[in-house]
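Here's the structure, in structure tokens; my notes come after.
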Amino acid sequence: MIKDMLELRKKIKTEQPLIHCITNPISIHACANVVLALGARPIMAEHPAEVAQITATAGALMLNLGNITDVRMKSMEISLRTAKENEIPVLLDLVGTACSDLRFHYAKHLMEIGGIAVLKGNMSELLAMAGCPSHSIGVDAGEKDAVTNQNQKEMAAILGQLAKETGSVILASGKKDMVVSESSAYVLSNGDPMLSCITGTGCMQGAACATYLACEDPLLAGLLAAATMGIAGELAAEKCHGPGSFQAEFLDQLYGMSDLELQNRIQMEQI
């Protein structure tokens, strides 16, 4: 698995795929920089009149429901249908679906259209989409929904069922990340508390996963995105002086992370 991750990192930097991101203004700048740091090329177009043309040329599509608007909702559906028609892999980031009926029902609508390779969210959002009780605090996951050593098998079973029903790989972000398909489940424990001190890190993880989706299968893309984001957070926290310097250092570490750092630091367990 590690060898496959290293090969995927190299492939992205060699092929430099175009990643079409329709995301929110809170994280759009950070998401574009993550795509660039990993070696790909971002385009952040969202006008309904142009998104079909742009999506059709992309290597992957990221749809992010944060700070949703009517225009972006229209554009996301157009892009999703275009991606499905052209067999372009799609990541749907379920931002806020545990706290907003609008976003919940819209996400269900997009899932019914299909063609979504990866469903990403925090555990509260994913539990809501799976029809289970959730305890979100706004767009953040509630502490009661956190993945722990005690409940990780139960959470994996819930996410596995969601993967089976949707045909998507599930990427759950949190202190412990989970990447789950219909037939396998992994827990990744990399990261640092400083990641919660800047905005948009969940969205950035989605951008990283969409980048890797352009060249590989959804399960490996989810695993590599979770690992690189967590490890970059650890490395940045060792050098920063606070949230401001952490933000800059995080991007530097994401850009400059060596294969050896990934191999030595990754904390991944199959359950």
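The values are calculated or read from the model by the stated rules, or taken from the named source; none is laboratory data. Note that this is a predicted model, so its numbers are computed, not measured. Every residue, glycine among them, receives a Cβ derived from its backbone with ideal geometry; neighbour counts consider all protein chains shown. These accessible areas exclude ligands, DNA and RNA; they are computed on the full protein's heavy atoms, side chains included. Shrake-Rupley method; radii C 1.70, N 1.55, O 1.52, S 1.80 Å.
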Completion exercise
Here the residues within segment 145-171 that are under 18 Å from the mean Cα position of the chain (by Cα), outside any helix (DSSP H, G or I) and under 15 Å from SER124 (Cα atoms) are ALA146, VAL147, ILE170, LEU171
Handout entry: Residue in segment 189-198 that is open to solvent by 50 Å² or more (accessible area, probe 1.4 Å), of a type outside the set (Val, Ile, Thr) and either more than 26 Å from LEU119 (Cα to Cα) or within 17 Å of the chain's Cα centre (by Cα) (or both) present
Key = yes
Practice task
Would you mind stating whether CYS215 is out of contact with any Phe, Trp or Tyr (no Cβ under 7 Å at 6 or more places or on another chain), modelled with pLDDT under 95, of a type outside the set (D, E, K, R) and surrounded by 19 or more Cβ atoms within 10 Å (Cβ to Cβ)?
Solution key: yes
Fill in the blank from the handout: When segment 128-137 is checked residue by residue, the ones that are open to solvent by less than 40 Å² (accessible area, probe 1.4 Å) and out of contact with any helix residue (DSSP H, G or I) (no Cβ under 6 Å at 6 or more places or on another chain) are ALA128, MET129
Handout entry: segment 248-271 - residue that is open to solvent by 90 Å² or more (accessible area, probe 1.4 Å) and free of Cβ contacts under 8 Å to residues at least 60 places away in the same chain and, of those, nearest to the chain's Cα centre (by Cα)
Key = ASP252
Handout entry: Of all residues in segment 41-82 being touching a Phe, Trp or Tyr at 6+ places or on another chain (Cβ under 9 Å) and touching a residue at least 40 places away in the same chain (Cβ under 8 Å), the one that is surrounded by the fewest Cβ atoms within 10 Å (Cβ to Cβ)
Key = ILE68
